Structures are given as structure tokens and as C-alpha cells.
1. Mind checking whether some residue in segment 198-213 is of a type in the set (A, V, I, L, M, F, W, C), closer than 30 Å to Gln48 by Cα and surrounded by 15 or more Cβ atoms within 10 Å (Cβ to Cβ)?
2. Residues in segment 44-60 that are out of contact with any Lys or Arg (no Cβ under 6 Å at 6 or more places or on another chain) and either under 14 Å from Ile32 (Cα atoms) or buried (at least 19 other Cβ atoms within 10 Å of the Cβ) (or both): how many?
3. For residues in segment 154-169 being of a type outside the set (Lys, Arg) and surrounded by 12 or more Cβ atoms within 10 Å (Cβ to Cβ), which is modelled with the lowest pLDDT?
4. In segment 179-196, is there at least one residue being surrounded by fewer than 15 Cβ atoms within 10 Å (Cβ to Cβ) and over 29 Å from Lys49 (Cα atoms)?
5. Considering segment 150-174 alone, what residues qualify as being out of contact with any helix residue (DSSP H, G or I) (no Cβ under 7 Å at 6 or more places or on another chain), outside any loop (DSSP other than H, G, I, E, B) and not hydrophobic (A, V, I, L, M, F, W, C)?
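The values are calculated or read from the model by the stated rules, or taken from the named source; none is laboratory data. Fair warning: this is a prediction, and the values are worked out from it, not measured in the lab. Ideal geometry is used to build each Cβ from the backbone, glycine not excepted, and the neighbour counts take in all protein chains shown.
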Amino acid sequence: MLRIAIVDDDPTVLEEIQSIVSSFFQEQGKPIDISCFSSGEEIISYHQKYDLIFLDIQMQGMDGIQTAQELRKNDKKAVMIYVTSFGSEMARSFSVHPFAFLEKPVNADLLRKNLQDYMEYAFKEQDFKGVPFETVTGTILIMPEDILYFEYLGNRKIRLVCSAAEYFIQDSLGNLFPLVEKYSFMKPHQSFIINPAKIRAVLDLDLVMINGAKIPIPLKKKKAVKAEIEEYICKQFEGGI
């Protein structure tokens with residue numbers, strides 16, 4: 001899940017950026033968590049790391065540059081997009097490594113272009129190294145082929161079972177599925193997401209995984225689940241995956 005922060009002392013601009021960003025990532029199928037702040041002091045006191053931060057340069061109290069400098073002390077990786085009404089501020093902001101500039105009034109098309117550039121930057125390397133998951137002990141990158149299945153345990157707690165380890169995630173399966181769907185993962189049951197490459201056997205109402213775990217198949221979904229598995233196997237033989 002991407003963690004995004006928006007910092008602006010103008011409530012109208014704050015709401016506008018939040019709306020465009022939410023809409024963009026919803027279209028991309030990327031789960032996000034957005035936090036909004038009205039001052040630099042507020043985001044600094046929150047003590048949270050973010051993947052992407054929108055910073056208004058002109059603010060009362062700490063301005064955006066000062067805020068970025070303070071945030072950089074504990075977070076060297078966050079991508080920052082600066083929001084400004086004055087082009088003269090751009091040169092000063094280079095000391096904290098801006099990713100892009102967004103001029104006020106906010107242009108929705110330019111903001112979406114910035115977000116598309118960010119997606120290409122952020123996920124090109126991650127797709128090669130693995131899929132990022134925010135576990136209860138921190139962010140980890142896992143190769144899709146190492147994953148057996150995800151099991152929802154209730155109360156937004158998910159068990160991620162891999163070939164050599166298990167992890168726990170505080171989230172919903174609905175948010176996780178877009179991260180692995182392109183790798184042919186399936187949802188045979190409302191409490192499970194599985195890697196079909198890790199199925200050992202298909203029984204009448206169970207899928208047996210290579211670790212011996214049995215994933216139940218609801219009776220009403222039996223035909224659809226088995227058809228999906230057959231389609232996956234056919235594509236494997238055809239070299240389609």
C-alpha cells in the first residue's frame with residue numbers, strides 16, 4: 001500500500017489534490033492511504049514515513065522547504081512533489097531533491113502526469129525485485145513465485161504464506177489482490193488469495209497447496225474456480241504466461 005501525505009494550509013487546494021490523487025490511484029488499482037496536514041509542523045509531529053509527499057512551499061510557520069529538510073533527516077526515500085505559486089522558489093527547493101513541481105492553481109492533467117511519472121519511477125525497480133508488502137514488522141519485497149497464498153484471519157489481519165516463511169499484514173484482501181492479480185493469482189474463496197502455481201492437487205471441494213494446506217472451494221463457486229484453474233494450466237502449456 002502506498003502511503004501518501006498532502007501538506008497545504010489552503011483547505012481548498014488540500015481537498016482538490018486529495019480528490020485527484022485518490023481518483024488516479026483508484027483507476028490504477030493501487031491501494032493507497034492518504035494523510036492530509038495543514039502545516040509543516042503537523043506532519044513532522046506525526047512521525048510517519050511516506051512514499052509520496054505533496055508539499056506546499058508557501059505556508060505559515062515552517063514553509064515547505066524547511067519542512068522537507070526536516071523530513072529528510074529521517075526519510076531519504078520519500079518522493080516529494082512541491083506545490084508553489086512562485087517559480088522563483090524552485091531553485092531553493094533543489095536542496096531537498098524535488099521529484100516534480102506543481103504550480104497553483106492546480107492543473108488536474110499536469111498532476112495526473114506527475115503521478116504517472118511517479119508510477120513509472122516507483123514500480124519499475126519494484127517489479128523486478130519483487131512485490132512490496134507492508135507487514136506488521138515493516139515493508140518487505142517478495143517475489144511472486146515465492147508466495148503460496150494469503151489467508152484472511154479476521155479483524156483486518158492476513159497471513160501471507162511463502163515457501164520459506166510466513167508474514168502478517170494488517171489490511172484487507174480487497175486491497176492486496178490488485179498487487180498480485182497480474183501474476184495470475186486467484187480468489188477461490190472470500191478468505192483466500194492463492195498462487196495457482198503452488199497447487200498440488202484439486203479435490204472436489206478443496207485445493208491442496210504444496211505445503212499440504214487445504215483451501216476450501218465454496219460449492220457455488222466450484223465450477224468457476226475449476227474453470228479458472230484449467231484456463232491457467234492451458235496458458236502455461238501454451239506459453240501464454
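1. At the first step, the residues of segment 198-213 found to be of a type in the set (A, V, I, L, M, F, W, C) are 199, 201-203, 205, 207-210, 213.
Next cut, closer than 30 Å to Gln48 by Cα only: none.
No; the residues of segment 198-213 include none that is of a type in the set (A, V, I, L, M, F, W, C), closer than 30 Å to Gln48 by Cα and surrounded by 15 or more Cβ atoms within 10 Å (Cβ to Cβ).
2. 8
3. Here is the first cut: in segment 154-169, the residues of a type outside the set (Lys, Arg) are 154-155, 158, 160-169.
Filter again for surrounded by 12 or more Cβ atoms within 10 Å (Cβ to Cβ), leaving 158, 160-163, 167-169.
Details: Ile158: 97, Leu160: 96, Val161: 96, Cys162: 93, Ser163: 85, Tyr167: 94, Phe168: 96, Ile169: 95.
Among those residues, the one meeting the criterion is Ser163.
4. First pass over segment 179-196, keeping only residues surrounded by fewer than 15 Cβ atoms within 10 Å (Cβ to Cβ): 181-182, 190.
This time we only want the ones that are over 29 Å from Lys49 (Cα atoms), so: 190.
Yes, that holds for at least one residue.
5. Of everything in segment 150-174, those that are out of contact with any helix residue (DSSP H, G or I) (no Cβ under 7 Å at 6 or more places or on another chain), outside any loop (DSSP other than H, G, I, E, B) and not hydrophobic (A, V, I, L, M, F, W, C) turn out to be Glu151, Gly154, Lys157, Arg159, Glu166, Tyr167, Gln170, Gly174.
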